[in-house]
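What follows is a single structure, written as structure tokens, with notes after it.
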Amino acid sequence: MQTADAVVIGGGVIGTSIAYRLAEHRKVVLIEKGEIGAQTSGACDKAIFLQSKKPGFPIKLANASRRIYENLEDELEASIEFKKDGGMIVIEKESHLPFMKDFIKKQNKAGIDVKLLDRKESLAWQPSLSSHIAGSAYSKEDAEVNPLLLSQGFAEASKRKGVEIQTHTEVTDIAVNHGKVIGVQTDKGYIATELVVNAAGPFAPKIAEMAGIGLTIMPRRGAILISEKVKPLIHGNILCSQYIAAKHLEESNSNDPPYGIGLSLGQTESGNLLIGGSREFKGFDKAVEPEVLSAIAAHANRIAPALKQIRIIRTMVGFRPFTGDGLPIIDESRDVKGFIIAAGHEGDGIALAPITGVLVASLADNNSNYKDLLEPLRMNRMQAV
């Protein structure tokens, strides 16, 4: 029988970040049913957007994570392709201007440096955009990172701290005795432990159920088109105001786009364009309908006509862990001592991965260093969802 001070379930950017931080004072085992970063973390874009976050606590949380990114490559002793090239939210229609002007005003008040650019200024920065756009919101504080390199960077740095990583290993049960975690059963064997961290993303409810805990997280399917390699076409990362409106407005209306389409556009180091995306509740069905992919392409082409002549070589589909209020759950179960949940980041997993590891370590150490960040992420807030 194997023993560990802590077992982390999930080998994406969240799980590897947590394992890395927990390993400071513990013997840690990380369990991943596939390869490191191969699930949600391997099917997303590369943006670290600050200006897209809701004012108030979400921005505060994202800012804390963004500060860690500044020195993370040196800390991990690895390249994660972290770039500070800024980000732009394209305002496609004049009708979106009032909402976006109010949005920018609130972001500035929250301490985020966001500027409203007119059509001419926007096209000077991003020549690939349509001449019919109304303008854009631009922030130099937005950045980008390679999600696969981020997961691998955390994983390799974790190994140097003594973390044992078990890939292609599936958790089959969580052993609980008198309201306390005592171990984890996998298809490869049993690990005795008094601390389990559920960082399984959209699969977190299944893991929680093994410990007798109900968890309100749903998989939200997103599809991204991947292009052939092309010369640098865009600067930084691009979203559109339709995406922001869908994210920030509490009530949907008849003008909501089909399939939750909203532009997210980035370019990898190798030159591939990542063109997103959709937001749908389809369970864990990866078979995206052709009309969804066509809608993503049509929306992107309308905003950035330069894309029309570029070939799409493949698509990728991921499941974002949706909580309903735009915030992840980072908390220890009140019913099962030693069972910590760190899931529900939806589309903010890349942006919030660094701070999530720090918060879980703080929670496990039972210190109050980050009480102001942990309190709004408690599980009990989900009771109303």
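Quick one: Tyr243 ticks every box in (1) surrounded by 13 or more Cβ atoms within 10 Å (Cβ to Cβ); (2) modelled with pLDDT of 95 or more; (3) in contact with a Gly (Cβ under 8 Å, 6 or more places away or on another chain) bar one, so which box is it?
Result: Tyr243 passes all but (2).
Is it true that Gly34 is within 20 Å of Asp187 (Cα to Cα), touching a residue at least 60 places away in the same chain (Cβ under 8 Å) and part of a helix (DSSP H, G or I)?
On the way: within 20 Å of Asp187 (Cα to Cα): yes; touching a residue at least 60 places away in the same chain (Cβ under 8 Å): yes; part of a helix (DSSP H, G or I): no.
So Gly34 does not fit the description; no.
Take the conditions surrounded by 20 or more Cβ atoms within 10 Å (Cβ to Cβ) and not polar (S, T, N, Q) and apply them to Gly283. Does it pass?
Criteria not met by Gly283.
Taking into account only those residues within segment 267-278 that are buried (at least 16 other Cβ atoms within 10 Å of the Cβ) and in contact with a strand residue (DSSP E or B) (Cβ under 6 Å, 6 or more places away or on another chain), which is farthest from Ser227 (Cα to Cα)? Reasoning before the result, please.
Within segment 267-278, the subset buried (at least 16 other Cβ atoms within 10 Å of the Cβ) is 267-268, 272-278.
Going one step further and asking which of them are in contact with a strand residue (DSSP E or B) (Cβ under 6 Å, 6 or more places away or on another chain), we end up with 267, 272-278.
Numbers: Gln267: 9, Asn272: 5, Leu273: 5, Leu274: 7, Ile275: 8, Gly276: 11, Gly277: 14, Ser278: 17 Å.
Only one residue tops the list, namely Ser278.
In the list Arg311, Arg320, which residue meets the criterion of being of a type outside the set (A, V, I, L, M, F, W, C) and surrounded by 16 or more Cβ atoms within 10 Å (Cβ to Cβ)?
Values: Arg311 fails: surrounded by 16 or more Cβ atoms within 10 Å (Cβ to Cβ).
One residue alone meets the criteria, Arg320.
Looking for whichever is touching a Cys at 6+ places or on another chain (Cβ under 7 Å) and either at pLDDT 95 or above or closer than 27 Å to Pro232 by Cα (or both) here; the options are Leu274, Leu293, Leu263. Which one fits? First the steps, then the outcome.
Numbers: Leu274 fails: touching a Cys at 6+ places or on another chain (Cβ under 7 Å); Leu293 fails: touching a Cys at 6+ places or on another chain (Cβ under 7 Å).
Sole residue among the options that is touching a Cys at 6+ places or on another chain (Cβ under 7 Å) and either at pLDDT 95 or above or closer than 27 Å to Pro232 by Cα (or both): Leu263.
Pairs needed: first member in segment 184-207, of a type outside the set (Ser, Thr, Tyr); second member anywhere, surrounded by fewer than 16 Cβ atoms within 10 Å (Cβ to Cβ) and in a loop (DSSP other than H, G, I, E, B); C-beta distance under 7 Å; at least 6 residues apart or different chains.
The qualifying pairs are Asp187/Glu170; Ala192/Met1; Leu195/Asp5.
Would you kindly identify the strands (runs of 3 or more DSSP E) lying entirely within segment 122-213 that contain at least 2 residues that are closer than 25 Å to Tyr243 by Cα and modelled with pLDDT of 95 or more? It would help to see each step written out before you state the result.
Details: elements: 135-139, 164-166, 171-177, 180-186, 189-192, 196-198.
Result: 135-139.
Of the numbered conditions (1) in contact (Cβ under 8 Å) with a residue 60 or more places away in the chain; (2) over 19 Å from Gly214 (Cα atoms); (3) surrounded by fewer than 17 Cβ atoms within 10 Å (Cβ to Cβ); (4) not acidic (Asp, Glu), Gly347 satisfies every one except a single condition; which is it?
It is condition (3) that Gly347 fails.
What do you reckon, is Ile329 under 21 Å from Leu72 (Cβ atoms) and touching a Leu at 6+ places or on another chain (Cβ under 8 Å)? Break it down into steps so the answer makes sense when it comes.
On the way: under 21 Å from Leu72 (Cβ atoms): no; touching a Leu at 6+ places or on another chain (Cβ under 8 Å): yes.
Answer is no for this residue.
Would a scan of segment 368-384 turn up a residue that is among the acidic types (Asp, Glu), in the same structural domain as Tyr20 (by TED's automatic domain parsing), surrounded by fewer than 18 Cβ atoms within 10 Å (Cβ to Cβ) and part of a helix (DSSP H, G or I)? Steps first, please.
Step one: of segment 368-384, the residues among the acidic types (Asp, Glu) are 372, 375.
From what's left, in the same structural domain as Tyr20 (by TED's automatic domain parsing): 372, 375.
Adding the requirement that they be surrounded by fewer than 18 Cβ atoms within 10 Å (Cβ to Cβ) leaves 372, 375.
Subsequent filtering for residues that are part of a helix (DSSP H, G or I) retains 372, 375.
Yes, because at least one residue in segment 368-384 is among the acidic types (Asp, Glu), in the same structural domain as Tyr20 (by TED's automatic domain parsing), surrounded by fewer than 18 Cβ atoms within 10 Å (Cβ to Cβ) and part of a helix (DSSP H, G or I).
The values are calculated or read from the model by the stated rules, or taken from the named source; none is laboratory data. Only a predicted model underlies this, so the values are computations on that prediction, with no experimental measurement involved. We place every Cβ from the backbone using ideal geometry, glycine too, and count neighbours over all the protein chains shown.
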